[in-house]
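First up is the structure itself, then whatever we jot down about it.
The values are calculated or read from the model by the stated rules, or taken from the named source; none is laboratory data. Please read all numbers here as calculations on a predicted model, not as lab measurements. With ideal geometry, Cβ positions are generated from the backbone for all residues, glycine too; neighbour counts draw on all protein chains shown. All accessible areas refer to the heavy atoms of the entire protein, side chains included, with ligands and DNA or RNA removed. Shrake-Rupley method; radii C 1.70, N 1.55, O 1.52, S 1.80 Å.
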Amino acid sequence: MRPGERPRVLLLTGSPLDGAEGSDVRLAADVLGALPDVDFVWFSRWPDRGHPPASPRGRPVRLLSRDGSSRLPGQVQSALAGAVWARRVDLVHAFLTVGRGFPAFSWLRPLMLGGRPVVHTVPGVMNTRVLHRVRPLGTTVALSESMARRLRSANFGDVRVVPPMIALDEWPYLPRPEGFPVVLFSGHHDPHGGAETAIDAAAEAVRTGGRFRLVLAMRGRPGQDKAMLDEALRERAGAAGLTDFEVLGYVEDMHALLATVQVLLFPPPALGGKADIPLTVLQALASGRPAILSDLPQFADFGHAVLRAPAGDARRTGQQLAWLLDQPRSWDVLAERGRALAEDHFGPERFAARYAALYRELLS
């Protein structure tokens, strides 16, 4: 790259940026929008079936994808297209979760990505046992201090921390809703994803005097029988003694849903393949909605802006929920702390500045 030229960067994701939702494509799209002085190459869905493009900026590279999801054929296309375009850019920025197939890709890194500098943002680690079989792609970026320590201990070498961003202007602080309280769980139908613990915790809160409506906003994964899984949650809620609950599918307008919610309940025993810092938690905190989370290491970065209970402890989680709904002043304090944390730690300016500085360092 000659002095004065705009750097050209490949955003390497396992699925198109304008395809199905995922922490990898969300982070890549945020980088694409945050750095206007970079010429990006990114993967786009074809046929687009009327979907709007992920961004008018940069150069989209078409991948054949019926639904835009991260399935094996799409991952193979991404890898092959990445191998071609890695030779035509100044830097490769990969957004890849460390899963079962990642060790093999990491060992093929010289063949697949050539000699260009690489930034690897790790949205999450599906199984920490594979870490000892992984070779770092380049400079590694973790979303949390906890994950950074884990990656360094697995010999990932140069690991930086760049927390994800939340668009604060799109998620304004909302007043506390009036009327009968609504408690929200939002997540996937994953083993240990937290929905079952949320139901059991809600039942415990009701037994201790809490009065509220539990809403489960559930997103499916490719290949899952979502109707069957939703029904299983309804049966569990009924068996636990809950009478006021609702199981929703994918929510198109999360802004409208959060406007009705008083508390976000997110108590997964483990994160699995989810991002270290789930987007739903950031949306809730930015909107002024207190959150009760599992006491997982990744959530330590939230400090006193959230309540935390031991992972998998539905009884303690439910007690915290009942207490919070009965303490309006504490609710106000947590709502303000959550918004302040979103502004100070997860704001877009901080996100853009850190990635811009990292790009300059690697391209100098």
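Got a number for carbon plus sulfur as a percent of the chain's accessible area, 1.4 Å probe?
Numbers: 8600 of 16240 Å².
Of the solvent-accessible surface of the chain, carbon and sulfur hold 53 percent.
Stretch TRP107-ARG57 to full length: gain in nm at 0.36 nm per residue minus the Cα-Cα span? Working shown, then result.
Details: separation 50, 0.36 × 50 = 18.00 nm, distance 3.20 nm.
Here the answer is 14.8 nm.
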Check: How much accessible surface does MET228 have with a 1.4 Å probe, in Å² rounded to 10?
Finding: 120 Å²
Check: Going highest first, how would you order 23-34, 159-170 by mean Cβ packing within 10 Å?
Finding: 23-34, 159-170
Check: Based on Cα positions only, what radius of gyration and what Dmax would you give for the stretch 147-261, in angstroms?
Finding: 17.8, 52
Check: Comparing LEU265, LEU248, LEU307, which has the greatest mean-square fluctuation in the GNM of the chain with Cα pairs linked when under 10 Å apart?
Finding: LEU248
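Just flag the chymotrypsin sites (Phe, Trp or Tyr not before Pro) in the stretch 200-295 sitting in loop per DSSP whose Cβ has no more than 14 other Cβ atoms within 10 Å. All intermediate terms of the calculation are to be shown ahead of the outcome.
Working: sites: PHE212, PHE245, TYR250; in loops: PHE212, TYR250.
Taking the stretch 200-295 and a limit of 14 other Cβ atoms within 10 Å, the loop chymotrypsin sites (Phe, Trp or Tyr not before Pro) found are TYR250.
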Note to self: 7 Å from Cα along Cα→Cβ at both ASP344 and ARG6: what's the point-to-point distance in nm?
What the structure shows: 3.6 nm
Item checked: Estimated vicinal HN-Hα couplings, Hz - the stretch 185-194 in sequence order (Karplus 6.51, -1.76, 1.60; Gly, Pro = x) -> 10, 10, x, 9, 7, 10, x, 6, x, x
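Cα convex hull of the chain: how many Å³ per residue?
Values: hull volume 47.4 nm³, N = 364.
Cα convex hull per residue, to the nearest whole number: 130 Å³.
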Item checked: Computed lengthening from ARG149 to ARG87, 0.36 nm per intervening residue step minus Cα-Cα distance -> 19.2 nm
Checklist line | Viscosity 1.002 mPa s, temperature 20 °C, Stokes-Einstein D of the stretch 227-364 from Kirkwood C-alpha radius, µm²/s | finding: 127 µm²/s
Next item on the list: Taking 7 Å along the Cα-to-C-beta vector as the label spot, tell me the ARG234-GLU170 distance in nanometres, rounded to one decimal.
Entry: 3.2 nm
Next item on the list: Note the full-extension length gain between HIS304 and LYS226 as 0.36 nm times their separation in residues minus their Cα-Cα distance, in nm to one decimal.
Entry: 24.5 nm
Item checked: Positive minus negative residues near ALA356 (Lys, Arg vs Asp, Glu; Cβ under 12 Å) -> 0
Margin query: Keeping every protein chain present and rolling a 1.4 Å probe, give me the accessible area per residue for the chain in Å².
Written below: 45 Å²
Next item on the list: Just grab the label-to-label distance for ALA256 and GLN327, each label 7 Å out from Cα along the Cβ direction, in nm (one decimal).
Entry: 3.4 nm
Notebook entry, point to check: Tell me, what is the percent relative contact order of the stretch 229-363, built from C-alpha pairs under 8 Å that lie six or more residues apart?
Noted result: 20 percent
Check: What percent does the relative contact order of the chain come to when contacts are Cα pairs within less than 8 Å and at least six residues apart?
Finding: 16 percent
